[in-house]
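Quick note: the coordinates plus some simple rules give every number you see, no bench work behind them. Note that the structure is a prediction, hence the values are computed from the model and not measured. Every residue, glycine as well, gets a Cβ built from its backbone with ideal geometry; the counts of neighbours run over all protein chains shown.
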Amino acid sequence: MRIAVSCAALALMAGCSSVVPPSALRFDPTRPAPKPVLPVQESAALSDRVAQLQLERIEIRTRIAAETDIWERQRHYAQLHGVGMELSPLERRLSAFAASR
């Protein structure tokens, strides 16, 4: 019985050891990792590009709402998707740096 319990405990510990990353074992709370900082010029350029893409997205949505032809509307949706695919990573990057302030 002891052998079965020992083997089960050993298997459980072996399974848990692969879940915890090695960096967690070396974590030192007295020296936290530095927060990422974005240079002012790059931050301003990133904010400007995000604002420009957001305005473009609003303009495309306005054209979609005004369009009566379904095929033209589909073309506008494709443009909207392209703008969204470019805008999404920029917004995530900007919000990551804003959260670290």
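When averaged across all projection directions, what area in nm² does the alpha-carbon convex hull of region 36-99 cover?
Numbers: hull surface 17.5 nm².
Approximately 4.4 nm², given one-decimal rounding.
Could you grab the relative contact order for the chain? Cα pairs under 8 Å, six or more apart, rounded to a whole percent.
In percent, rounded to a whole number, it is 35.
If you average the alpha carbon positions of region 26-44 and of region 56-73, how far apart do those two centres end up, in angstrom?
Computed from Cα coordinates, the inter-centre distance equals 41 Å.
Can you tell me which of 75-88, 40-53, 1-14 comes out highest on packing, and rank the rest after it, using the mean Cβ neighbours within 10 Å? All intermediate terms of the calculation are to be shown ahead of the outcome.
Values: 75-88: 14.1, 40-53: 12.4, 1-14: 8.8.
Highest-to-lowest ranking by the protection proxy: 75-88, 40-53, 1-14.
How long is the gain from Arg2 to Ala98 if the chain were fully straight, where each residue apart is worth 0.36 nm and the alpha carbon distance is subtracted?
Result: 29.1 nm gained on full extension.
Karplus couplings for region 23-37 from phi (6.51 cos²θ - 1.76 cosθ + 1.60, θ = phi - 60°), rounded to Hz, Gly and Pro as x?
5, 5, 6, 9, 5, 10, x, 7, 10, x, 5, x, 6, x, 10
Ignoring everything except DSSP H segments at least 4 long, calculate the 222 nm mean residue ellipticity for the chain; use -39,500 (n - 2.57) per segment, divide by total residues, nearest 500.
Values: 4 runs with 77 residues, N = 101.
Helix contribution divided over all residues of the chain: -26000 deg cm²/dmol.
Mind putting a number on the dipole of the chain about its Cα centre? Charges go on the C-beta only, +1 for Lys and Arg and -1 for Asp and Glu, and I need it in Debye to the nearest 20.
Magnitude of the dipole: close to 560 debye.
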